[in-house]
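Engineer: Following this message is one structure expressed as structure tokens.
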Amino acid sequence: MSPRTHVRRFIAFEGIEGSGKTTQIQLLSNRLEDLGIDHLLTREPGGTPIGDQIRGLVLDARNTAMTPICELLLYAAARAQHIEQVIRPAIDAGRLVLCDRFKDATMAYQGYGRGIRHDLIDALHGLETLALQPDLTFLFDIETRVALDRARSRDTTKAPQLTRFEQEDLTFHERVRSGYLEMAGQEPGRFVVIDARGSVEDVRHRVGEAIDRFLATRGAPE
Ligand SMILES: Nc1ncnc2c1ncn2[C@@H]1O[C@H](COP(=O)(O)OP(=O)(O)OP(=O)(O)O)[C@@H](O)[C@H]1O
Ligand SMILES: [Mg+2]
């Protein structure tokens with residue numbers, strides 16, 4: 001049988017705000033494009049028209065009344081739509097999929113950050129549609145303060161206002177960061193922790209090395 005039906009290459013980029021995920025996923029996508037490697041670049045929350053509307057709701061800093069459970073279910077709803085409409089079909093077609101945030105972000109933010117019970121989050125993701133794991137997860141790790149400074153100095157023409165999460169205090173983001181690191185420690189086979197300090201070029205180099213190792217074992221899509 002063709003490796004197409006067997007080899008999955010679903011890669012998620014995770015980490016706190018400002019850790020460099022979007023910068024690096026775009027650079028990787030450009031590089032794959034140059035190499036002629038077919039791939040899909042997508043993001044959460046979002047990735048579909050319905051998901052993008054949910055993204056507007058969950059990130060809008062004016063939605064101060066949103067409860068943690070409402071937030072959890074909105075993320076899960078956007079993800080269900082994203083998986084069924086976009087991610088599964090791409091994986092089934094043998095494409096390499098790059099996703100800017102995925103399920104681990106829910107455990108990190110709503111679990112470790114907001115304090116929702118982890119078994120509840122796991123149970124939700126036990127739903128058949130949502131029970132998809134990335135094959136490789138990059139965790140961009142960097143001091144919280146440095147990352148938030150980066151996020152807050154972001155080009156305001158691209159991101160005109162702070163999101164609900166960027167307005168959270170430092171201790172919230174520290175819980176999220178340490179939650180991510182704990183998850184990476186629990187699943188060393190899936191996670192690659194990327195040192196996200198240094199220049200964009202330094203980090204790009206680290207991601208490149210890790211991707212080359214991954215594709216060497218999985219094979220690049222034809
Ligand atoms: N290595 C780096 N050194 C300095 N600045 C950087 C670096 N990487 C990214 N930046 C800048 O920091 C800001 C945040 O980066 P980016 O948007 O990639 O982070 P992110 O992890 O996607 O954040 P978010 O979770 O909020 O989407 C951007 O303005 C970006 O240009
Ligand atoms: Mg981003």
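Bear in mind these aren't lab numbers, they're just calculated from the coordinates by the rules spelled out. Worth saying up front: this structure is predicted, and the values here are computed from it rather than measured. We place every Cβ from the backbone using ideal geometry, glycine too, and count neighbours over all the protein chains shown.
Engineer: What are the residues whose amide H is under 5 Å from the amide H of Arg9, where those residues sit 5 or more places off or on another chain and H is modelled from the backbone?
Structural biologist: Amide H neighbours of Arg9, under 5 Å, 5+ apart: Val97.
Engineer: OK, next. Helix-only mean residue ellipticity at 222 nm, the chain, DSSP H runs n ≥ 4 weighted -39,500 (n - 2.57), per residue, nearest 500. What is it?
Structural biologist: Numbers: 9 runs with 102 residues, N = 222.
Value at 222 nm, helices only: -14000 deg cm²/dmol.
Engineer: Here is a further query. Give me a comma-separated list of calculated 3J(HN,Hα) values for the range 112-120, in order, Karplus coefficients 6.51, -1.76, 1.60 applied at θ = phi - 60°, integers in Hz, x for any Gly or Pro.
Structural biologist: Result, ordered by residue: 5, x, 8, x, 6, 4, 5, 5, 5 Hz.
Engineer: Grab the Cα-Cα distance for His205 and Thr171, subtract it from 0.36 nm times how many residues apart they are, and report the gain in nm with one decimal.
Structural biologist: Values: separation 34, 0.36 × 34 = 12.24 nm, distance 3.02 nm.
Between His205 and Thr171, full extension yields 9.2 nm more.
Engineer: Hey, another quick one. At a threshold of 8 angstrom on Cα-Cα distance, excluding pairs fewer than six apart, so keeping six or more, what relative contact order does the chain reach in percent?
Structural biologist: On the way: 313 pairs, mean separation 73.3, N = 222.
Here the relative contact order equals 33 percent.
Engineer: Additional query: Can you list the residues of the range 187-219 with backbone N under 15 Å from a point 7 Å past the Cα of Glu143, pointing along Cα to Cβ?
Structural biologist: Counting backbone N atoms under 15 Å from the label point, the list is 196-199.
Engineer: Whole percent per 5 Å bin, from 0 to the bin with the longest distance: what is P(r) over all C-alpha pairs of the range 3-218?
Structural biologist: It works out to 1, 7, 15, 20, 22, 18, 12, 5, 1, 0, in whole percents.
Engineer: Using the Kirkwood radius built from alpha carbon pairs, what does the Stokes-Einstein equation give as D for the range 96-213 at 25 °C and 0.890 mPa s, in µm² per second?
Structural biologist: Numbers: Rh = 15.7 Å.
The estimated diffusion coefficient comes to 156 µm²/s.
Engineer: Sticking with this one: If you filter the range 1-70 for trypsin sites (Lys or Arg not before Pro), then keep DSSP loop positions with at most 14 other Cβ within 10 Å, what is left?
Structural biologist: Arg62
Engineer: With θ set to phi - 60° and the Karplus curve 6.51 cos²θ - 1.76 cosθ + 1.60, what are the ³J(HN,Hα) couplings of the range 138-147 in order, to the nearest whole Hz, using x for Gly and Pro?
Structural biologist: Each residue of the range 138-147 in turn: 8, 10, 7, 10, 7, 3, 4, 4, 5, 5 Hz.
Engineer: Search the structure for amide H atoms under 5 Å from the amide H of Ile194, placed 1.01 Å from N in the peptide plane, and list their residues when 5 or more places away or on another chain.
Structural biologist: When sequence neighbours closer than 5 places are left aside, the close amide H contacts are Leu139, Phe140, Asp141.
Engineer: Around Arg43, which amide H atoms from residues at least 5 apart in sequence, or from another chain, sit under 5 Å from its own amide H, with H modelled in the peptide plane?
Structural biologist: Those lying under 5 Å, H to H, from Arg43 are Asp100.
Engineer: Turning to a different aspect of this structure: Just add up the charged neighbours of Gly111: K/R +1, D/E -1, any other residue whose Cβ is under 15 Å from the Cβ of Gly111. Please list the in-between numbers first.
Structural biologist: Numbers: positive: Arg79, Arg101, Lys103, Arg114, Arg117, Arg175, Arg177; negative: Glu14, Glu71, Asp104, Asp119, Asp122, Glu168, Glu174, Glu182, Glu187.
It works out to a net charge of -2.
Engineer: May I pose another question? Return the distance in nm (one decimal) between the two label points of a simple spin-label model at Gln26 and Arg117, each offset 7 Å from Cα along Cα→Cβ.
Structural biologist: The two pseudo-label positions are separated by 4.2 nm.
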